[in-house]
Amino acid sequence: MSAGGDRLPTVEAAAAKGAHVPLIERFRERLPFAPGDPLVSLQEGSTPLLRAPLLSELVGATVRLKLEGANPTGSFKDRGMTCAVSAAVRDGAKAVICASTGNTAASAAAYAARAGITCAVIVPEGRIAQGKMAQTLVHGARVIELEGNFDQAFALVRELTETHPIVLVNSINGFRIEGQKTAAFEIHEALEGGLEALCIPVGNAGNITSYWRGFRELGAAPRMLGFQAQGAAPLVEGRVVEHPETVASAIRIGHPVRWEDAMAAARDSRGSIRAVSDEEILAAFRLLASKEGMFCEPASAASVAGLLKYGADGAEQVVCVLTGRGLKDPETAMAYNDGMVIPCAAQIGPIEEAVLGDP
Ligand code: F0G
């Protein structure tokens, strides 16, 4: 066992049931782990599925939000990371690495810290949201800022891990897909198999691949409606995008690693992968925050933007995946919001005017 392995708990023999148990334990029968394997968990998964009354009204369907920002590091990546890092520790790894637009980095850093192994992340210089950078640093990872974009970072990290004994924890790693498929299990269970369409943002395309695998394993086949940002929509355009651009930094990716898998998920589920503009993403982001009380990050709002733009394709039971929480990206929230800040002198008159006057 590796560095931190001997102080870790192990996967228990019986699959635990219900909420508030580590994801690997809850779904052990469907995951590639055995009793006695080391378990690196921050108690991820079992996230809320929240009804969205306004969205339901606007779309004419029952719309729910899968709140993946409720995971320990604030994004869905934790589902895959508990599996990828547990497996890495089981196999004796001393270090993990990833290329990232931010959330994979934060998650890898946290799980590596928990496991007592080292973590390096390669991020596009100046292009990842501040909350994600803060998380990654506070967990003690080595952050390499690449003078290049995510796709270049990924190509380099792949090359590096071919010749060095460092485990790659991007979604090319099969354990990531295995872990992330459990969100499909949770939705299937909560809706008793009634889901008809899943709206999901698509970047590197690991998550849409995971959900589709999860649903297939249960014999379910909701439509997979994937959405890319217009300036970073290789799967929509059918070609690699050399210089992807979008306000949704998490999905600023021009050459997704799970390209074929994502296309197969859309095709086989009679779904689609379509594009939404930055304006549409930001409108959905603001609507979610100011009308549904749900603060997600911009990339997450792409799922709702797509639903509002294209409709539910006749589905009555719809889930939009909100992949990460809003606090990840304070800069964008500060720049695009419906709130107001009113400077005020410390006297009752100005306070009255500020609180009660016309905005
Ligand atoms: N939403 C968020 C918040 C993400 O961070 C990502 C991907 C996606 C959606 C898209 O998921 O890549 O599986 O299609 N973030 C990766 C990262 C690329 O490095 O954190 P995907």
Nothing charged except the Cβ atoms of Lys and Arg (+1) and of Asp and Glu (-1): what's the magnitude of the dipole of the chain about its Cα centre? Round to the nearest 20 debye. 860 debye
Which residue fluctuates the most in the chain, going by a Gaussian network model with Cα springs under 10 Å, if the choices are Leu191, Leu225, Leu282? Leu191
Could you work out which residue, out of Leu198, Leu327, Leu307, moves most in a Gaussian network model of the chain, that is, has the largest mean-square fluctuation with Cα springs under 10 Å? Leu327
So how much slack lies between Arg127 and Leu356, counting 0.36 nm per residue of separation and subtracting their Cα-Cα distance, in nm? 78.4 nm
Probe radius 1.4 Å, ligands and nucleic acids ignored: give me the carbon and sulfur share of the accessible area of the range 262-324 as a rounded percent. 50 percent
Which value, in Å², gives the accessible area per residue of the chain when a 1.4 Å probe is used on the protein heavy atoms? 42 Å²
Gap separating the Cα centres of the range 198-235 and the range 105-179, nearest whole Å: 22 Å
Mind giving me the FRET efficiency for Ser290 and Thr163? R0 is 56 Å, r the Cβ-Cβ distance, nearest 0.05 is fine. 0.65
With a 1.4 angstrom probe the carbon and sulfur portion of accessible area for the range 103-216, in percent, totals 50 percent
Expected output is a single nm value to one decimal: the length gained when fully extending between Arg267 and Glu189, i.e. 0.36 nm times separation in residues minus the C-alpha distance. What is it? 25.7 nm
Looking at Gly219, Pro201, Thr182, which one has the Cα that reaches farthest to the positive end of the dipole of the range 179-228 (charges on Cβ: Lys, Arg +1; Asp, Glu -1)? Pro201
Which FRET efficiency value, to the nearest 0.05, is calculated for Ala34 and Asp338 with the Förster distance at 51 angstrom and r the Cβ-Cβ distance? 0.50
DSSP-defined beta bridges in the chain - what % are antiparallel, rounded to 5: 15 percent
Taking the chain as a Gaussian network, where each spring joins two C-alpha atoms under 10 Å apart, which residue of Met263, Met334, Met224 fluctuates the most? Met334
If you average the sequence gap of Cα pairs under 8 Å that are 6 or more apart and divide by the length of the chain, what percent do you get for the contact order? 17 percent
Phi-derived 3J(HN,Hα) across the range 45-59 with the Karplus relation (6.51, -1.76, 1.60, θ = phi - 60°), rounded Hz, x for Gly and Pro, is x, 6, 7, x, 10, 9, 5, 10, x, 5, 4, 4, 5, 5, 9
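The values are calculated or read from the model by the stated rules, or taken from the named source; none is laboratory data. For clarity, every value in this text was computed on a predicted model and none was experimentally measured. Every residue, glycine as well, gets a Cβ built from its backbone with ideal geometry; the counts of neighbours run over all protein chains shown. For the accessible areas, the whole protein counts, side chains as well, though only heavy atoms, and no ligand, DNA or RNA atoms are used. Shrake-Rupley method; radii C 1.70, N 1.55, O 1.52, S 1.80 Å.
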